[in-house]
Each structure stands twice: as C-alpha cells, then as structure tokens.
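Trainee: Before I ask anything, let me first share the structure, which is written out below as structure tokens.
The values are calculated or read from the model by the stated rules, or taken from the named source; none is laboratory data. All values derive from a computational prediction rather than experimental measurement. Don't worry about glycine lacking a Cβ; one is built from the backbone with ideal geometry, like all the others, and counts go over all protein chains shown. SASA here: full protein model, heavy atoms, side chains in, ligands and nucleic acids out. Shrake-Rupley method; radii C 1.70, N 1.55, O 1.52, S 1.80 Å.
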Amino acid sequence: MKSLASLRDLKGRIDSTKKTKQITGAMELVSASKMSKAEQNARGFVPYADKLQEVVSSIANSNTGAQHPMLVKREVKKTGYLIVTSDRGLVGAYNSHILKSLVNNIEAKHTSKDEYTIIVIGRKGYDFCRKRGLPVTQSILGMPDHPTFADVKNLASETVQMYINQEIDELHIIYNHYVSAISQVVTNKQLLPIADLGEQGASTSNYEFEPNQEEILEVLLPQYAESLIFGALLDGKASEHAASMTAMRSATDNANELIGDLELSYNRARQAAITQEITEIVGGVAALE
Amino acid sequence: MSTLAVSVVTPEGPILEDNFDMVVCKAESGEIGILPKHIPLVSPLQISIARLKKGDDTQLVAISGGFMEVQPDKVTILAQSAETADHIDVLRAKNAKERAEKRLQDNSDTIDRVRAELALKRAINRLDVANS
C-alpha cells in the first residue's frame, strides 16, 4: 500500500511541475518579445540622443566661454540618486544588483541621511527604500513595459529642477545597462553636473546662435539631462525584460531537470511495486503446494 | 535647385525625414525661414507649427519643446514631442485643451498655472495642425 501512495504522490508532483514549466515557458516567450520591442525603442532613441549630445557639446566646447550652472561643479552638500528598478519580481537578480550598488554607494560616501536623497522608478526599488527608511523624494510606480517620453517627462524635469534649485548638488543614475540578451551591467553614471561631453562635435560646425548661447543652454541643457534619464529608463527596461527572460528560462530548465528526477523515482517505485506483487503471487502459489 | 534634408526627431524616434525647399519655424525670437545654404545655426523653438515647403505643398508639424539645428544642406528639429497632421489624436488634444482651460480658471497656484498654460498651448498647437 505504501508504494501505491508514494506512486500517486510522485505522479502529482510530476503533473504540477509540468504545469509550472508550461507557465515559465510561456513567460519566457512573452519576455523575449517584450525585450525585442524594448531593444527597438532604445534604438529609436539613439538618433535623438546623439544629435542632442553633438549640439550640446559643440556649444559647451566652443571657446566663447558660455557657462551654465548645469556644467559647473559645485560643492556637494546633497547627492541625488535616481534608480531604475522593475515593478514586478521574477526578474532574477535584476533589482538586487541595482539596490546593492545603491547601498554600497551610500555606505561609502555618506554618513547621514541628510546628505542624499533618492528618486525611484519602479515598485521594487520603492518598497526597498521604504523598508530601509531611506529618504525618497520622488517616485514613479507602474511604469509601462514600453515607456514613452511623456511617461517620464514629469519626473525627469522635476529632478532636473531640483538640481537647478540647488536642492541637490549632484545627480547619479543607477540602472542596468543592456549589453545583450544574456548580459546586463549595473551602471552608475553621474548625470549632473554634466561632465563627460567629450570633444566630439566640437569641430564639426561653428554655429550661429539665435538669440545667444546662454539662452540656448538654458533650454538645451535641461532637455539634454531629461533625455539622458529617458535613455537610461529605456536601457533599463530592455535589461529588465532580458533578465526576466533569462530567469524564466532557467526556471524552465530547472523544471525539466526536476521532472526527469521525479520520473526516474516514479518508474523505480512502479517497478518495485510490480516486483513485490510477483514475489507475493509466487510466494502464495508455493504456500499452496 | 538644391534642397534641405529635413529630419524631425523625438525621443521616441524619427518622425519625418524628407527633402524640402524651405523650412519656416517659430524660434524664441520670432519666425525664421530657412532656405538651402543657410549658415549653421542653432535656435530654440516655441511651441509652434513648423512649415515644411516642397513645391506648392506645405507640410505642417506640431512641435513642442525643442530646438532646431541648421546646416547648409540639412535641418534637424529635435523636439520632446512632434506630430504630423495625420498622427494627431484630435480627441485627445481637445480633451487636453478643456482640461487646461478648466485648470486655468479655478487654480491660482503659479506652478500649476504655468503648466496649464503650456498644456493649453500644446493642445491648441496640435488642433491648429490637425485642422488646417
């Protein structure tokens, strides 16, 4: 009787693991298609970002000495961190990498909570900060899978405004950079003051500025910073879907392995039951003779 | 006759890429017309309509929050949002216009006022493009 019960048990576990496998397999496919869309979105953003950077750096690098607070380093009293996390789980180590990087940064650079503030995209990051009592000034939860610029515009412009109002003196952004479907790298970039404009574009053209450089920078730099935030978000979304795909694939692989093991045990148990039955019959016949 | 390669680019990707004879935009300092072989120029744009002329045809693009970069044979308009007439959601723009008007009537907070005014401008701008 015991072996029959365990047979039924094993059968049940095999069935339920198979069902889980079906679900994770489907989720992998969904994530894969979301990822390719997200990758496309990130690519669509590139021409805008490149052009913007070219114009900004050609103005900033021109030797007329146009200056703007967003280009100038100042004493850092308060640092802003913008983190891009996901709203859902089931994305492997996607969120924990970012949050670890955030915590490491904070522990290395700051001694009190007055020295930094956090701007959060994504529920996972928000919950984490709430639980730990970290100061969060702004957040967006429920970011769609394929965000448009309008989705992040408010947060981006308010964040840039915080820098202009001197509420923060530095802005870092932490997100997962999408390298490929199987590789995402945690990236920590200083966004403000704008530092790494590089030399590119400086020599390409000598522009006339209408009305003048200062006023153009006034319009251009916030737009540039906002676009960088949007770019990081797109990059992060592509990584999120890739991470989710990888997580679901390894879940499917694990389920396959588990089903294999369980089927082996099931067949063994079945064989044992048959052998036992035969022994009993043979024993019974021998006793009658 | 030479033409201008015009591209209108937003964070969501390029909206329009084509050759035109003339581009008329509303810069911060007033309306400017660009013909081929213009001197390199950078200028912020108002929330306004960009007119792109080819022969007798004029194509309109609603621009909000952007600037233009001009090179002798090329005009690039970089905007946070831009739509050609056939991509404008008229209903949405109408709703946005009503919302903004209402907010302007019953709100005195300066920041909200500025925002509502901008929203109203964008909505009217879109409707102008869609209706012409």
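Trainee: What is the helix-to-structure angle for B:110-131, meaning the angle in degrees between its Cα long axis and the longest Cα principal axis of chain B, kept from 0 to 90 and rounded to the nearest 10?
Mentor: On a 0 to 90 degree scale, this one is about 50.
Trainee: So, one more: Segment A:61-137 to segment A:231-282: how many Å between their Cα centroids?
Mentor: Using only Cα atoms to place each centre, the spacing works out to 39 Å.
Trainee: When the Cα atoms of segment A:28-105 are enclosed in a convex hull and the volume is divided per residue, what value in Å³ results?
Mentor: 133
Trainee: Could you state the angle between the C-alpha long axis of helix A:213-288 and the longest principal axis of the C-alpha atoms of chain A, as a value from 0 to 90 degrees rounded to the nearest 10?
Mentor: With rounding to tens, the tilt is 10 degrees.
Trainee: Taking only DSSP H segments of four or more residues, each worth -39500 (n - 2.57), what value at 222 nm results for chain A once the sum is divided by all its residues, to the nearest 500 deg cm²/dmol?
Mentor: -22500 deg cm²/dmol
Trainee: A:A255: net charge of surrounding residues, Cβ under 14 Å, Lys/Arg +1, Asp/Glu -1, itself excluded?
Mentor: Local net charge: -1.
Trainee: Tell me which aspartates and glutamates have Cα within less than 12 Å of B:K53's Cα, excluding those fewer than 8 residues away on the same chain?
Mentor: The qualifying aspartates and glutamates are B:D18, B:D21.
Trainee: For the protein assembly as shown, what is the accessible area per residue in Å², given a 1.4 Å probe and the full set of protein chains?
Mentor: I get 51 Å² per residue for this part.
Trainee: Which lysines, if any, have their Cα less than 22 Å from the Cα of A:K100, not counting same-chain residues under 8 positions apart?
Mentor: In chain and number order, the partners are A:K78, A:K109, A:K113, A:K124, A:K131, A:K189, A:K237.
Trainee: Mind checking which of A:I119, A:I98, A:I274 has the largest fluctuation in a GNM of chain A, springs on alpha carbons under 10 Å?
Mentor: Of the options given, A:I274 has the highest mean-square fluctuation.
Trainee: Work out from phi, with θ = phi - 60° and the Karplus expression 6.51 cos²θ - 1.76 cosθ + 1.60, the ³J(HN,Hα) of each residue of segment A:10-16, listed in order in whole Hz, and give x for Gly and Pro.
Mentor: Coupling constants for segment A:10-16: 4, 4, x, 5, 4, 4, 5 Hz.
Trainee: Out of all DSSP beta bridges with both ends in the protein assembly as shown, state the antiparallel percent to the nearest 5.
Mentor: Of all bridge pairs located within the protein assembly as shown, approximately 70 percent are antiparallel.
Trainee: In square angstrom and rounded to 100, what buried accessible area do you get between chains A and B, total over both, with the probe at 1.4 Å?
Mentor: 2100
Trainee: Moving to a separate point now. Would you mind estimating how fast the protein assembly as shown diffuses translationally, via Stokes-Einstein at 25 °C and 0.890 mPa s with the Kirkwood radius over Cα pairs, in µm²/s?
Mentor: Approximately 97 µm²/s, per Stokes-Einstein.
Trainee: While we're looking at this one, here's another question. Can you tell me the 0 to 90 degree angle between the C-alpha axis of helix B:90-106 and the longest principal axis of chain B, rounded to 10?
Mentor: 50
Trainee: Label segment B:46-132 by shape, choosing from rounded, prolate and oblate, from the square roots a ≥ b ≥ c of the eigenvalues of the Cα gyration tensor; if a/c is under 1.5 it is rounded, and otherwise prolate applies when a/b is larger than b/c, oblate when it is not.
Mentor: Oblate.
Trainee: For chain A, set up a GNM with springs between Cα atoms under 10 Å and report which of A:S112, A:S31, A:S58 has the largest fluctuation.
Mentor: Result for chain A, Cα springs under 10 Å: A:S112 fluctuates most.
Trainee: Direction-averaged shadow area of the convex hull around the Cα atoms of segment A:30-189, nm²?
Mentor: Result: a mean projected hull area of 10.6 nm².
Trainee: Quick one: with all protein chains in place, what share of the accessible area of chain B is carbon or sulfur, to the nearest percent (1.4 Å probe)?
Mentor: Reported share for carbon and sulfur atoms: 47 percent.
Trainee: Suppose we keep just the DSSP beta bridges with both residues in segment A:45-185; what percent of those would be antiparallel, to 5?
Mentor: Antiparallel bridges: around 15 percent, rounded to the nearest 5.
Trainee: Mind checking Rg over Rh on segment A:153-289, alpha carbons, Kirkwood formula for Rh?
Mentor: Using only Cα positions, Rg/Rh for segment A:153-289 is 1.54.
Trainee: In Å, what Kirkwood hydrodynamic radius results for segment B:1-82 from the alpha-carbon pair distances?
Mentor: Hydrodynamic radius (Kirkwood, Cα pairs) of segment B:1-82 is 12.3 Å.
Trainee: So, one more: Highest mean first, how do A:120-128, B:67-75, A:251-259 rank when packing is the count of other Cβ atoms within 10 Å averaged over residues?
Mentor: The packing order, highest mean first, is A:120-128, B:67-75, A:251-259.
Trainee: From a point 7 Å beyond the Cα of B:E117 in the direction of its Cβ, which residues of segment B:31-48 have a backbone N at a distance under 16 Å?
Mentor: Only B:46-48 fall inside the zone, counting backbone N under 16 Å.
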